[in-house]
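The block underneath contains the structure these notes are about, expressed in structure tokens.
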Amino acid sequence: MTLRCELNINGGCRRVLIMAGEEETLEHVALRLTAAILFFDGEPVEPGPSDPALADIGFVPDLMVPDGAGGVGVWVECGNVAMNKLTKVARRIKEGRLVILKEDEPAGSRLREVVKAEINKSERIEILAWPRKDFAAWKAALKESNYVYGEASGHSLNLVLNEAAFSVQLTAC
């Protein structure tokens, strides 16, 4: 699945192409679009393994906001993430934010418990979750070609995706 998106967020405009990998689900792609909107003002990118900002990290995020000095400002993971990866990334990113987006609040809460138990300084890791029925509507509104306009600030999304309106506060887990 490939999503072609025209994003008009917070007064700015950008075209984004989100290409799903072989085994990526619609949920994962929908969360990647959410990340692109949440961090729109920071000009997020989907880096490759050869990105210089990732040289000492050894992993690639779903989305990254560069810090402007050649490093990582925000590292974003969407959906499921291996605890090994999360542990190493949390240790290697000293200054930037580490954010994980989840499809619903119970999944976010479960992940928070695992992160607390297994990762040192787990409070540095932000876990944001969609309300379940809002995420179901978000997925249902997605098409191959998408037009999104509105505002995103903090954990809040006030948007229209194609013709569906969303006023959503993502939950910090």
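The values are calculated or read from the model by the stated rules, or taken from the named source; none is laboratory data. The structure displayed is predicted, hence computed values, not measured ones. Neighbour counts run over all protein chains shown; Cβ positions are idealised from the backbone, glycine included.
Quick notes
- Some residue of segment 23-41 being without any contact (Cβ under 8 Å) to a residue 40 or more places away in the chain and β-branched (Val, Ile, Thr): no
- The listed residue being touching a residue at least 40 places away in the same chain (Cβ under 8 Å), among the aliphatic types (A, V, I, L, M) and out of contact with any helix residue (DSSP H, G or I) (no Cβ under 7 Å at 6 or more places or on another chain), out of LEU111, LEU157: LEU111
- Segment 146-173: number of residues that are in contact with an Asp or Glu (Cβ under 8 Å, 6 or more places away or on another chain) and either farther than 26 Å from GLU126 by Cα or not hydrophobic (A, V, I, L, M, F, W, C) (or both): 4
- Picking from residues in segment 97-122 that are farther than 26 Å from TRP138 by Cβ and small (Gly, Ala, Ser), the one that is modelled with the highest pLDDT is ALA117.
- Exclusive hit being of a type in the set (Lys, Arg) and part of a loop (DSSP other than H, G, I, E, B), set LYS88, LYS94: LYS94
- Reported count of residues in segment 97-140, each being within 24 Å of LEU161 (Cα to Cα) and more than 18 Å from the chain's Cα centre (by Cα), is 2.
- The residues listed here are THR87, THR2; of these, the one that is closer than 18 Å to SER145 by Cα and over 15 Å from the mean Cα position of the chain (by Cα) is THR2.
- Scanning segment 105-147 for residues that are in a helix (DSSP H, G or I), touching a Ser or Thr at 6+ places or on another chain (Cβ under 7 Å), of a type outside the set (Asp, Glu) and surrounded by 12 or more Cβ atoms within 10 Å (Cβ to Cβ) yields GLY108, VAL115.
- Single condition VAL74 does not satisfy, out of (1) within 17 Å of the chain's Cα centre (by Cα); (2) in a loop (DSSP other than H, G, I, E, B): (2)
- Total residues in segment 40-66, condition surrounded by 15 or more Cβ atoms within 10 Å (Cβ to Cβ) and in a loop (DSSP other than H, G, I, E, B): 9
- Within segment 20-39, considering residues that are of a type in the set (A, V, I, L, M, F, W, C) and out of contact with any strand residue (DSSP E or B) (no Cβ under 8 Å at 6 or more places or on another chain), the one surrounded by the fewest Cβ atoms within 10 Å (Cβ to Cβ): LEU26
- Single match in ARG97, ARG91, ARG124 (criterion: out of contact with any strand residue (DSSP E or B) (no Cβ under 8 Å at 6 or more places or on another chain) and either under 22 Å from ALA20 (Cα atoms) or not aliphatic (A, V, I, L, M) (or both)): ARG91
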